[in-house]
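Colleague: Please find one structure pasted underneath; my questions will follow.
The values are calculated or read from the model by the stated rules, or taken from the named source; none is laboratory data. All values derive from a computational prediction rather than experimental measurement. Backbone-built Cβ (ideal geometry, glycine too); neighbour counts: all protein chains shown. The accessibility values were calculated without ligands, DNA or RNA, using every heavy atom of the protein model including side chains. Shrake-Rupley method; radii C 1.70, N 1.55, O 1.52, S 1.80 Å.
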Amino acid sequence: MFLGEYQHTIDDKGRLVMPSKFRHHLAEGVVVTKGHERCVYVYPPDRWDDVLERMSRLSIDNRDHRAYMRVVFGSASDQQLDRQGRVALPAALRAY
């Protein structure tokens, strides 16, 4: 879990700088997706697997569950940090 509060800006190319203290946890890449209250969530691969596991337990017969899965999975994007520790955010997530 990433703890703390950080001020972020997105540069002209749509990249977000990840805090240096977390970069070693993100060396294998990240999944970025829409979160609650217009936040963007960033998950390391192992934590994304946990999200997938939890989501697999939701009922696709439930309209609210389907809507939630569409938002999370539909906006999810695999990304790699660049050498400066930046993550490229797709245009849809920047707009969100």
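Colleague: Mind checking which strands (runs of 3 or more DSSP E) fall wholly inside the chain and carry at least 2 residues that are among the hydroxyl-bearing types (Ser, Thr, Tyr)?
Modeller: 40-43
Colleague: Return the residues of the range 1-36 that are surrounded by 10 or more Cβ atoms within 10 Å (Cβ to Cβ) and among the basic types (Lys, Arg); say none if nothing qualifies.
Modeller: 15, 21, 23, 34, listed by residue number.
Colleague: Something else now. Could you give me the residue pairs with C-beta distances under 6 Å whose first residue belongs to the range 81-93 and is touching a residue at least 12 places away in the same chain (Cβ under 8 Å), whose second residue is among the hydroxyl-bearing types (Ser, Thr, Tyr) wherever it lies, and which are 6+ apart or on separate chains?
Modeller: As it stands, the answer is 90/77, since those pairs meet every condition given.
Colleague: I've got another one for you. Looking at (1) touching a strand residue (DSSP E or B) at 6+ places or on another chain (Cβ under 9 Å); (2) of a type in the set (Ser, Thr, Tyr); (3) in contact (Cβ under 8 Å) with a residue 40 or more places away in the chain, which one does residue 20 not meet, given that it meets all the others?
Modeller: (1)
Colleague: Could you identify the single residue in 43, 6 that is touching a residue at least 12 places away in the same chain (Cβ under 8 Å), of a type in the set (Ser, Thr, Tyr), within 14 Å of residue 76 (Cβ to Cβ) and out of contact with any Leu (no Cβ under 9 Å at 6 or more places or on another chain)?
Modeller: On inspection, the qualifying residue turns out to be 43.
Colleague: Can you find a residue in the range 41-53 that is open to solvent by 50 Å² or more (accessible area, probe 1.4 Å), modelled with pLDDT under 95 and within 20 Å of residue 8 (Cα to Cα)?
Modeller: Yes, because at least one residue in the range 41-53 is open to solvent by 50 Å² or more (accessible area, probe 1.4 Å), modelled with pLDDT under 95 and within 20 Å of residue 8 (Cα to Cα).
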